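The values are calculated or read from the model by the stated rules, or taken from the named source; none is laboratory data. Given the structure is predicted, the values throughout are model-derived calculations rather than measurements. For neighbour counting, all protein chains shown are included, and Cβ atoms are generated from backbone atoms with ideal geometry for every residue, glycine included. Surface accessibility is based on the protein's heavy atoms, side chains included, excluding ligands, DNA and RNA. Shrake-Rupley method; radii C 1.70, N 1.55, O 1.52, S 1.80 Å.
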Amino acid sequence: MQKLSVRHQLYIGTVLIALLAITRGYHFVSLKHLLPSASWAVFFIAGVYLRPAWTLAGLLGLAALLDYAAITWGGVSAFCVSPAYVALIPAYAALWFAGRWYATRHTLTAATLFPLAASVLAGATVCEVISSGAFYFYSGRFATPNLTEFIGRELKYFPAYLAPMAFWVGISASVQAVVGRHQSVGDSAKLS
């Protein structure tokens with residue numbers, strides 16, 4: 001992928017921060033049925049476009065702050081907050097690193113769709129296994145956790161987590177395709 005200017009990275013970062021704030025855990029109740037959660041996609045897309053490594057730490061901090069605010073002042077249940085909550089750090093980092101991996105393979109051709117899909121699926125799978133596995137086995141919310149039940153739960157619930165990620169990454173890829181094509185046309189016109 002072509003290196004983005006600091007200005008473009010700031011624009012993308014601002015959009016990702018807004019998207020995380022608006023959709024994370026449905027802290028804005030009126031949006032619950034309009035927009036799917038963008039949390040996973042935000043970490044993946046940040047890995048693709050944002051070069052500074054500190055952006056991962058910043059997004060992790062923002063996610064934790066949003067969760068804290070929602071629970072403290074927004075009346076959101078604290079059910080998911082347990083000793084396993086800390087596992088979100090490596091889980092979201094897996095998405096970010098999957099985005100980084102994809103960024104080195106990105107092209108403005110249809111051939112980019114396979115590495116994009118592979119990196120999204122790999123990152124989401126690792127994220128899900130870490131986050132849900134930690135919650136299932138270490139949260140204390142399940143009386144007798146076992147691997148067979150965990151696998152059954154994953155088969156049931158994991159596909160539903162992929163849909164929002166695919167939605168947001170698809171939008172991002174579409175915007176990238178339009179912007180990339182526009183820039184290519186503009187560059188060609190300058191050469192003429």
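Computed on protein heavy atoms with a 1.4 Å probe, the accessible areas place LYS3, LYS156 in the order LYS3, LYS156, largest first. Each part gets one Cα centre, and for region 51-105 versus region 108-160 those centres are 15 Å apart.
The percentage of C-alpha pairs in the chain whose separation is greater than 32 Å is 19%.
Between the helical axis of 6-23 and the dominant principal axis of the chain, each derived from Cα atoms, what acute angle in degrees is found, rounded to the nearest 10? Computed tilt is about 30 degrees. Helix 54-72 and the long axis of the chain differ in direction by around 40°, with both axes built from C-alpha atoms. Build a GNM of the chain with springs between Cα atoms under 10 Å apart, and of LEU59, LEU108, LEU19 the one that fluctuates most is LEU108.
Taking all protein chains together and a 1.4 Å probe, the residues SER132, SER174 rank SER174, SER132 from largest to smallest accessible area.
Based on the Kirkwood approach, the hydrodynamic radius assigned to region 72-159 is 14.8 Å, with every pair of different Cα atoms included. All other residues whose Cβ lies under 15 angstrom from that of GLY123 are scored, Lys and Arg at +1 and Asp and Glu at -1, for a net of +1. Charged side chains reduced to their Cβ positions (Lys and Arg at +1, Asp and Glu at -1) give region 41-192 a dipole of some 300 debye around its Cα centre.
Carbon-plus-sulfur accessible fraction, the chain (probe radius 1.4 Å, protein heavy atoms only): 72%.
Would you please report the Å³ per residue occupied by the convex hull of the alpha carbon atoms in region 28-104?
Here the figure is 96 Å³ per residue.
Between helix 147-191 and the chain there is an angle of about 20 degrees, using the helix long axis and the longest principal axis of the Cα atoms.
For the listed peptides 44-50, 137-143, a ranking on the average number of other beta carbons within 10 Å per residue, highest first, reads 44-50, 137-143. Per residue, the solvent-accessible area of the chain (1.4 Å probe, heavy atoms of protein chains only, all protein chains present) comes to 58 Å².
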